[in-house]
Amino acid sequence: MSELQLGLLIVGALAVAGVIFYNRTQERRVRRTAEQAFTSRHPDVLLTADPPARREPSLGPPPKPREEAASTPGEEDLPDGRLDYVVELSAEQPVAAAVMLEGWRGLERRFGRRALLAWRNEDGSWRRALPGASGSQTRWRAALQLVSRNGVVGEAELIEFRSEIETLAARAGAGVSAPEMREALDAARALDRSCADADIQVAFHVVGADAAGFANDAVIHALNTNGLAEQDRQRWTRSDALGRELFAVLMESDQTDVVTRLTVTMDVPRTPDLRRSYESMVLLARDLASTLGGALQDDNARPLDEHALSAIGAQLEPVGRDLERQGFAPGGALALRLFS
């Protein structure tokens, strides 16, 4: 190889190295810019080991959480800017529901029930777009729930959702309009903080005299007599006419199948008509204690008399009013989604 050829090879190698170096420098610069644009002063709850602490009632910690229905029976979940990041999709020509739902399937698999899709009817009302829907519409809304009992969604997840919706809109030939993401996350964090004090579960216990338990058959008979429905072997509930849970009774049994304790519990923000529901809950607890020959206690084994029960009920009233003021009436569709 001649010196000229060798020199050309060296110059070419240096040029390629320079291009690679420039590209990596630009990539780092873009990454830093994106991080600065979406960095928040608040921690991302999805990346922290423990969820934010919630204030519990004076009666002690609530029962372990369970999977809940997402909405009120008969009340349709729809995108709502108070709780969701809502992206508006507008098309000049109607887009078939089948086409939109085909592209929506991947988002449902990724984000689960936190993702909602709806279209606008001719009368201006909105309707949830569910699998099997037919027809064509020009206006659509795609939403991602930003706040739940798990906290606020992460910034990266919201960016991913927004990107997927923009891709879906492009395929459908629709334009996109959406809130600024950072502002939406700031509002979601503010909502999470303001609703933390309302995330309350009331629980009190029916225990046997002298630590004695209750016969299993006697307990089941008492629960049936009071109109509670068995959900599983250890959990019974009372619901309203719409199927909304008002409160529950949890049975604790030992190895001899003797019921050692009954816990009557209410999930406050998920309970409609708080005052009446709480009064019904107290009446049930008193009846169970009287029928079974037990006593009513709090988590610290202190007796619950009329004064204590009335004081608890009085504390719940301002909680319900505050939730209603923010647009999340206890037991309503939005409250069930927020406190899920």
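Relative to 2.2 N^0.38 Å, what does the C-alpha radius of gyration of the range 84-196 come to as a ratio? Two decimals please. Don't skip to the answer; put the middle values down first.
Working: Rg = 14.3 Å, N = 113, 2.2 N^0.38 = 13.3 Å.
Here the Cα radius of gyration is 1.08 times the empirical estimate.
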- Note on the structure: Expressed as a whole-number percentage, the relative contact order of the range 199-338 with C-alpha contacts under 8 angstrom and at least six residues apart is 29
- Query: Could you give the distance between the Cα centres of the range 158-177 and the range 245-291, to the whole Å?
  - Reply: 47
- Relative contact order (percent) for the range 84-196, with alpha-carbon contacts under 8 angstrom and 6 or more residues of separation? 39
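Can you give the Kirkwood hydrodynamic radius for the range 188-248, in Å, rounded to one decimal and based on Cα pairs?
Values: mean 1/r = 0.0685 Å⁻¹.
When all Cα pairs of the range 188-248 are included, the Kirkwood radius is 14.6 Å.
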- What residues of the range 287-305 lie in the reach of a label at Gln315, counting those whose backbone N is under 17 Å from a point 7 Å from the Cα along Cα→Cβ? 297-305
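Mean shadow of the range 235-340, computed from the convex hull of its alpha carbons, in nm²?
Result: 7.8 nm².
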- Message: As an exercise, use a Förster radius of 25 Å and the Cβ-Cβ distance of Ser253 and Arg286 to find the FRET efficiency, rounded to the nearest 0.05.
- Response: 0.65
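What ranking do 103-114, 287-298, 125-136 get when scored by the average of other Cβ atoms within 10 Å per residue, highest first?
Details: 103-114: 15.1, 287-298: 17.5, 125-136: 12.8.
Most protected by this proxy first, the peptides run 287-298, 103-114, 125-136.
Only the coordinates and a few stated rules stand behind these numbers; no lab work does. A quick note: this is a predicted structure, and the numbers were derived from the prediction, not measured. Cβ coordinates were reconstructed from backbone atoms using ideal geometry, including for glycine residues, and neighbour counts include every protein chain displayed.
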